[in-house]
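Worksheet: one structure, shown below.
The values are calculated or read from the model by the stated rules, or taken from the named source; none is laboratory data. The structure presented is a predicted model; accordingly, all values stated were derived computationally and were not measured. So basically every Cβ, Gly included, is an ideal-geometry build from the backbone, and we count neighbours across all protein chains shown. Accessible surface areas use protein heavy atoms only, side chains included; no ligands, DNA or RNA. Shrake-Rupley method; radii C 1.70, N 1.55, O 1.52, S 1.80 Å.
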Amino acid sequence: MLNNLNNKSDISKIYGANYFEPDVKFIKCSLSNDLYYYKCFIGDHTVEVEAGDCVYWISDNGEIAYLERGPSVIKSKNCATVIRGYMPENKSCEIKTMTTLPYINGCSTKQIFPAERLGDPTLQMLYMPPFTSEQAHHIHSTVRVVYVKSGQGYSIVGMEDKSVKEELYRGKVIVLEKMCPHHFVTENQPLTVVPLHVWSSVQGMEHDHPMFNGTHQIG
Ligand SMILES: [Fe+2]
């Protein structure tokens, strides 16, 4: 099937990358084969959050992040994501200042809302200086909902000659399905994005399984 894929959006979709322009109104839900349930409200929405769930969203000016547990009703104009079955206490955090933790390739990060416990959801900020790559091409085991806070860069999705490049700029939202092969790059401008990990990973454990441990690379 992939041999017939030459259209950029077809390639993005088949690998699990969903892009939404700043003026688009859309509701993106978890897939039927997802392990965890989430619902992402892109654009102008009033969001009803049920008891037992919580919602992450960014203020209209992109300078404050919120986490609120249900039952609740919130209004969001850019991106709000409800996560089912997770209900930490209400929080808010300004996201005006620079990042605080070094990452790789000159990139840096800030934990806006750290995971309460290992493997819980987390909201992060990633700053990429000009002319860098976020990291090597990679996959995640859970969904990422990414809000582009400022700057300009590109998302690269796919494999080998079926990779496609999508421009990123303020207000754009990217939903990367689990296992979507991707990485971000910058050219002559910095890029700041706010990724929500719809459930995160237990560090060091994701490669501790029989398939990985029983595989020995040659050459
Ligand atoms: Fe990533």
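Taking residue 157 as the residue in question, decide whether it is at pLDDT 95 or above, within 16 Å of residue 126 (Cα to Cα) and under 16 Å from the mean Cα position of the chain (by Cα).
Judged against the criteria, residue 157 is not a match.
Against the conditions (1) touching a residue at least 12 places away in the same chain (Cβ under 8 Å); (2) open to solvent by less than 70 Å² (accessible area, probe 1.4 Å); (3) more than 15 Å from the ligand (Cβ to nearest atom), where does residue 126 fall short? Just the number, please.
That leaves (3) as the condition not met.
Just need a number here: residues in the stretch 134-160 that are open to solvent by 20 Å² or more (accessible area, probe 1.4 Å), more than 11 Å from the ligand (Cβ to nearest atom) and not in a loop (DSSP other than H, G, I, E, B).
Selection size over the stretch 134-160: 6.
Pairs please, first residue from the stretch 8-25 and at negative phi, second anywhere and open to solvent by 40 Å² or more (accessible area, probe 1.4 Å) and of a type in the set (A, V, I, L, M, F, W, C), Cβ atoms under 6 Å, 6+ apart in sequence or on different chains.
These pairs meet every condition: 20/26.
Please find, within the stretch 197-219, the residue that is nearest to the ligand (Cβ to nearest atom) out of those that are open to solvent by less than 80 Å² (accessible area, probe 1.4 Å) and free of Cβ contacts under 8 Å to residues at least 12 places away in the same chain.
204
Within the stretch 184-215, count every residue that is of a type outside the set (A, V, I, L, M), over 24 Å from residue 32 (Cβ atoms) and modelled with pLDDT of 95 or more.
Adding up the residues that qualify gives 7.
Mind listing just one residue for me: the one in the stretch 68-102 that is of a type in the set (Lys, Arg) and part of a strand (DSSP E or B) and, of those, nearest to residue 175 (Cα to Cα)?
Step by step, filter the stretch 68-102, then rank; the result is 75.
Looking only at the stretch 28-51, decide whether some residue is more than 17 Å from residue 145 (Cα to Cα) and of a type in the set (Lys, Arg).
The answer is no; no qualifying residue exists.
Conditions (1) at pLDDT 95 or above; (2) open to solvent by less than 30 Å² (accessible area, probe 1.4 Å); (3) among the hydrophobic types (A, V, I, L, M, F, W, C); (4) not in a loop (DSSP other than H, G, I, E, B), marked per residue:
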position	(1), (2), (3), (4)
3	no, no, no, yes
31	yes, no, yes, no
48	yes, no, no, yes
104	no, no, yes, no
109	no, yes, no, yes
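Within the stretch 111-123, count every residue that is out of contact with any Pro (no Cβ under 9 Å at 6 or more places or on another chain) and open to solvent by 40 Å² or more (accessible area, probe 1.4 Å).
Residues that pass the stated criteria total 4.
Could you please tell me which pairs satisfy a Cβ distance under 9 Å, a separation of 6+ or placement on different chains, a first residue in the stretch 184-196 that is touching a residue at least 12 places away in the same chain (Cβ under 8 Å), and a second residue that is assigned to a strand (DSSP E or B) and open to solvent by 50 Å² or more (accessible area, probe 1.4 Å)?
185/165; 190/127; 191/127; 191/169; 192/127; 193/127
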